[in-house]
1. Which residues, counting only those in the stretch B:78-111, are of a type in the set (Lys, Arg) and more than 10 Å from chain A (Cβ to nearest Cβ)?
2. Could you list, in sequence order, the residues of the stretch A:255-287 that are in contact with a helix residue (DSSP H, G or I) (Cβ under 6 Å, 6 or more places away or on another chain) and not in a helix (DSSP H, G or I)?
3. Mind checking which residues of the stretch A:183-219 are without any contact (Cβ under 8 Å) to a residue 12 or more places away in the chain and of a type in the set (S, T, N, Q)?
4. I need the full set of residues from the stretch B:254-274 which are of a type in the set (Gly, Ala, Ser) and surrounded by fewer than 23 Cβ atoms within 10 Å (Cβ to Cβ), in order please.
5. Need pairs with beta-carbon distance below 7 Å; first residue among the basic types (Lys, Arg) and within the stretch B:155-179, second surrounded by 11 or more Cβ atoms within 10 Å (Cβ to Cβ) and modelled with pLDDT of 90 or more; sequence gap 6+ or separate chains.
6. Got a number for residues in the stretch B:136-174 being at the interface with another protein chain (Cβ under 9 Å from one of its Cβ atoms) and not in a helix (DSSP H, G or I)?
7. Kindly indicate which of B:Leu50, B:Leu57, B:Leu19 is hydrophobic (A, V, I, L, M, F, W, C), farther than 19 Å from B:Ala232 by Cβ and more than 10 Å from every other protein chain (Cβ to nearest Cβ).
8. Across the stretch A:250-287, which residue is nearest to B:Phe126 (Cα to Cα) among those that are β-branched (Val, Ile, Thr) and surrounded by fewer than 18 Cβ atoms within 10 Å (Cβ to Cβ)?
Amino acid sequence: MATSLRRQGDEPAWRWLTSAPAFALMLALGVLPLLNLLAMSFANVAWSNGAATWSFVGLANFRAVAVDPLFRAGIVNTTIFAILAVAGQMALGFVLALLSSRVRHGRIVYRTVFILPILLPGIVIGAIWKLIYNYDFGLITQLLAAFGLEPIDWLGQPTMALVSVILVDIWHWTPFCFLLLLAGIESLPQDVYEAAEVDGVSWWQELVHITLPMMWPTIAVTAAFRLVLAFKVFDEVYLLTGGGPGTATEVVSFTIYQRFFTEDRVGLGSAMSVAVILVVGALLALALAARRRAAPA
Amino acid sequence: MSVRRAAIGTHATLIVAALVILVPTVWVIGAGFRTQISLISGAIAFKPNLASFSQVLWSRGSDFVLNFRNSFVVAILSTAICLAAGTLGAWSMHRMGWPRWVPHLFLGWTMVFQMLPPVALAGAWFTMARGAGLDDTLAGLVLAHATLNLPMALWLMGNFVRDVPRELVEAACIDGASTPMLLRRIVLPLLAPGLAATGVLLFVFSWNEFAVALNLTSKHTATIPVGIAKYAQGFEVQYTQMAASSALSIIPAVLLLLIGQRYIVKGLTAGAVK
């Protein structure tokens, strides 16, 4: 084999061989599980001695999902969470990217610090904020006390708990939006700015009439994808609130976890997963449509 | 408004943002060096104390060293598998002359897959692993992480693969290089920086992954994030142990950030710019 010259006939074989590992992984652990989920969502699965007993139950699981109060709370909270968190991340990320792009000295230092949250485990971010938010001795309580102010019950009160979780997500993912937007700003054509400078344009006019219009495709795509990815949120909620108080911070990933794993209701959990996957798929289709409109390639 | 004052304002804003990131992180690392009493008393000043760290690392009831070993094995093996499958796959998709619909369909599918909540997949993986006798083994988690990170490996390596000059490949083919020879002698060396950038990110993301690890592991296969979460549960949250174990767990990420900042930025933004 080693001595054989590359002939036309070798191409298809190597084409398949090189893509085989990726195809195999994606089929066995990407496509098959989804089919498995779909099958389980129409059944009840009971385990005894390592063997599964399946019983077909038709649409019963999906009917149960539709009236599940936890799932409803999960969908509502996740939607609120996604919209507010992504809005915050995009606004802050854009301001920081704009400012960093103007800095001459220390840009790399800022960028190194700003990347940190992306590389921290979600569970550690949860742990960090569990300590910071702590009502009795958290850092915020201490700071407020230094100014003679009353502590805030960040995680104990329903509305505040959802706000707190959103703030943590903004802390976690603003750096990611920052990086993408900064890369976008740095790749804008410089001659436009030079021309604007010659014309004596103010920084505000420059922002509104030059930077924002040219950045629009990057902004739209980054926001759309962050919005879809916000549906993955799990780690921080698991550690900070466990979905509580009540159902105030119940998010869909956490509901699936509770139903499927904690309560061992495999059929219901699978039907929920299928429902969430359909929602994410629909959002993704919208995001792709947005990208096509934003960047007619 | 003078240019100088604007520059000061810019730096001031950026410094505040950097502090918002650094102060909570450092404060929590500091909490790992405190006793529970010193932490709860709320005193700002404290005498550093290694009790929580030694409890996390060496006490009988703690599995942290085992968790560390499991995380290391899973992250290394899943990164190796993912990087190999991703690099070969990316080369195949972009450079091996597939009919155009094949890469479109496959890479499009991996993008959809990337967006799915891992918890939704964990249920099916759990059931499948149990059927295959792989439940509660590191092998199951290794394969799960390799699959979870494969879309990212394919996109990132795809970006680096497309930068390999076509003339070079054609020249090698004319000289009679076989596909394996071409890949090993010419493509792989050119991809080295890309492999480093992608490998670092894959390692960190496997190291950090929680949702799937939580559901596919038990006591003796648990990874670090699962171990940290244990301190936050139960009747009494063990705050200082939670802080100490968190501090230990971020060592690899911080080291990689300090050494390979450029690679990480390259990896994180590679897909976005083009």
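1. As a first pass, look at the stretch B:78-111 and keep what is of a type in the set (Lys, Arg): B:95, B:100.
Within the stretch B:78-111, B:Arg100 is the sole residue that qualifies.
2. Answer for the stretch A:255-287, where residues must be in contact with a helix residue (DSSP H, G or I) (Cβ under 6 Å, 6 or more places away or on another chain) and not in a helix (DSSP H, G or I): just A:Arg265.
3. Result: A:Ser187, A:Gln190, A:Ser202, A:Gln205.
4. First, pick out the residues of the stretch B:254-274 that are of a type in the set (Gly, Ala, Ser): B:260, B:267, B:270-272.
Selection gives B:Gly260, B:Ala270, B:Gly271, B:Ala272.
5. Short answer, once both residue conditions are applied: B:Arg162/B:His94.
6. 0
7. Values: B:Leu57 fails: farther than 19 Å from B:Ala232 by Cβ; B:Leu19 fails: more than 10 Å from every other protein chain (Cβ to nearest Cβ).
Just a single option satisfies the conditions, and that option is B:Leu50.
8. Filtering the stretch A:250-287 for residues β-branched (Val, Ile, Thr) gives A:251-252, A:255-256, A:262, A:266, A:274, A:276-277, A:279-280.
This time we only want the ones that are surrounded by fewer than 18 Cβ atoms within 10 Å (Cβ to Cβ), so: A:262, A:279.
Numbers: A:Thr262: 13, A:Val279: 23 Å.
Step by step, filter the stretch A:250-287, then rank; the result is A:Thr262.
The values are calculated or read from the model by the stated rules, or taken from the named source; none is laboratory data. From a predicted model like this one, the values you see are computed outputs, not experimental measurements. Cβ sites come from the backbone with ideal geometry, for glycine too, and all protein chains shown count toward neighbours.
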